[in-house]
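Accompanying notes for the structure given below.
The values are calculated or read from the model by the stated rules, or taken from the named source; none is laboratory data. Note that the structure is predicted; figures quoted are calculated from it, not measured. FYI the Cβ positions are ideal-geometry reconstructions off the backbone, even for glycines, and counts take in every protein chain you see.
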Amino acid sequence: ETGVTQSPTHLIKTRGQQVTLRCSSQSGHNTVSWYQQALGQGPQFIFQYYREEENGRGNFPPRFSGLQFPNYSSELNVNALELDDSALYLCASSPRQGAGELFFGEGSRLTVL
Amino acid sequence: QKEVEQNSGPLSVPEGAIASLNCTYSDRGSQSFFWYRQYSGKSPELIMSIYSNGDKEDGRFTAQLNKASQYVSLLIRDSQPSDSATYLCAVNPTNYGQNFVFGPGTRLSVLP
């Protein structure tokens with residue numbers, strides 16, 4: 001069984017740039033969530049995708065957007081990067097909507113200079 | 001505001017002792033509660049879930065839930081150095097869909 005995979009693992013951007021992070025969900029999982037984890041903090045919910053539609057959003061501005069594809073993989077896009085966007089971005093998949101467990105990928109560490 | 005609070009630690013215990021980790025939450029209607037372990041530089045992994053008041057045991061781990069007090073705890077018996085990690089409490093609040101609010105985590109250090 002293939003787990004959740006994310007790419008890239010590390011990247012460095014400058015303020016104002018745009019970034020796309022990618023996630024492949026665990027086999028058989030149709031729900032994908034994205035979390036932002038700043039250093040020393042717990043993960044913060046960005047949004048969730050189910051059947052290719054956004055299905056819940058946390059307190060993040062519209063410059064954070066996403067997609068889910070028919071194979072349940074997902075992208076997180078962040079426009080107009082700010083220094084505070086520097087964080088570990090975690091993708092988590094669930095076997096179904098409403099499932100209580102999150103299976104996390106190893107994350108993409110973004111540094112904004 | 002849906003909040004989850006934890007002591008940031010570090011909590012240091014000697015090897016073989018019981019480690020007690022605590023979590024409080026603000027949304028009284030919350031129904032699902034989870035403990036995740038996160039090793040330094042790694043992603044969180046689920047170790048326990050609890051949905052009903054009382055205790056739930058799984059090996060060396062026991063989760064305790066008291067909804068009246070809005071309190072969740074995790075006990076780790078016979079602590080091992082390999083248990084040294086940050087422990088994240090996660091709560092599924094009312095009207096938050098299938099999504100979770102995480103606490104800031106408690107860093108546990110088990111000393112050999």
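For the reader, a short list of remarks on this structure follows.
- Hits in the stretch A:8-19 - residues which are loosely packed, with under 13 Cβ neighbours inside 10 Å and not hydrophobic (A, V, I, L, M, F, W, C): A:Pro8, A:Thr9, A:His10, A:Thr14, A:Arg15, A:Gly16, A:Gln18
- Among the residues of the stretch A:38-64, the ones that are within 19 Å of A:Asp85 (Cβ to Cβ) and either within 11 Å of chain B (Cβ to nearest Cβ) or surrounded by fewer than 17 Cβ atoms within 10 Å (Cβ to Cβ) (or both) come to 17 in all.
- Unmet requirement for A:Glu101, which otherwise passes all of (1) among the acidic types (Asp, Glu); (2) under 16 Å from A:Cys23 (Cβ atoms); (3) within 14 Å of another protein chain (Cβ to nearest Cβ): (2)
- Selection from the stretch A:18-34 of residues that are more than 8 Å from chain B (Cβ to nearest Cβ) and either within 29 Å of B:Asn7 (Cα to Cα) or not polar (S, T, N, Q) (or both): A:Val19, A:Leu21, A:Arg22, A:Cys23, A:Gly28, A:His29, A:Val32, A:Trp34
- Condition check for B:Tyr51: out of contact with any Lys or Arg (no Cβ under 8 Å at 6 or more places or on another chain), more than 22 Å from A:Ser93 (Cα to Cα) and aromatic (Phe, Trp, Tyr): no
- Count - residues of the stretch B:8-51 that are among the polar types (S, T, N, Q), surrounded by fewer than 16 Cβ atoms within 10 Å (Cβ to Cβ) and more than 13 Å from chain A (Cβ to nearest Cβ): 3
- Those strands (runs of 3 or more DSSP E) lying entirely in the stretch B:1-99 with at least 1 residues in contact with a helix residue (DSSP H, G or I) (Cβ under 6 Å, 6 or more places away or on another chain): B:71-76
- Listed conditions (1) buried (at least 19 other Cβ atoms within 10 Å of the Cβ); (2) in contact with a Ser or Thr (Cβ under 8 Å, 6 or more places away or on another chain); (3) over 19 Å from A:His10 (Cβ atoms) are all met by A:Leu67, apart from (1).
- Set B:Leu108, B:Leu46, B:Leu88, B:Leu74: member being modelled with pLDDT under 95 and aliphatic (A, V, I, L, M): B:Leu46
- Tally of residues being surrounded by fewer than 18 Cβ atoms within 10 Å (Cβ to Cβ) and at pLDDT 95 or above across the stretch A:20-37: 2
- Residue check for A:Leu21: assigned to a loop (DSSP other than H, G, I, E, B) and either in contact with a Pro (Cβ under 9 Å, 6 or more places away or on another chain) or under 25 Å from B:Gly103 (Cα atoms) (or both): no
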